[in-house]
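Working notes, structure below.
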Amino acid sequence: HASWGALAALLIPYILGTSFLGLALSRWYTDAEAPILFIAFFSIGLIFLSGVSYPLELIPWYWRAVHYIIPAAPAVLAYVQTSGMGATLYDICPQLLALWGQVVVYFVLAVWTYRGKLFRV
């Protein structure tokens, strides 16, 4: 049901936000295999935080705040709304704003992280 424009408008901030988050978190990992353990550990919780398998209204406020920290949670919710329910860009505007906010915050953190790495060497 989703149009290509709506999917592109959703995927661009999702990919940017995820990439910048990965770059920002790279400061605390010394090897490439360590984040895979965290992904496996937190994957079930992220499925619930996305709001697809469990309603967001029944999740406590502090877990709902975590929903807006991880780029996958608003992106999955917006994707299900556009592709499954035929939502327009206006309908997924809160998720898009959350994703673009994450892009800005994680870009600043990634630049700060790599600036620190460059000047330490």
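Observations
- Length added when fully stretched, residue 90-residue 43, from 0.36 nm per residue minus Cα-Cα: 14.0 nm
- Relative protection proxy for 18-30, 99-111, 50-62, from highest mean packing down: 99-111, 18-30, 50-62 (other beta-carbon atoms within 10 angstrom).
- Calculated over region 27-121, the projected area of the Cα convex hull averaged across directions stands at 7.7 nm².
- With a Förster radius of 25 Å applied to the C-beta separation of residue 115 and residue 68, the computed FRET efficiency comes to 0.45.
- With respect to the chain, whose longest principal axis is taken over its alpha-carbon atoms, helix 34-49 is tilted by about 20°.
- Accessible surface of the chain, 1.4 Å probe, proportion on carbon and sulfur as whole %: 76 percent
The values are calculated or read from the model by the stated rules, or taken from the named source; none is laboratory data. What you see is a predicted model, and the numbers here were worked out from it, not measured in a lab. We place every Cβ from the backbone using ideal geometry, glycine too, and count neighbours over all the protein chains shown. For accessibility, only protein heavy atoms count, side chains too; no ligands or nucleic acids. Shrake-Rupley method; radii C 1.70, N 1.55, O 1.52, S 1.80 Å.
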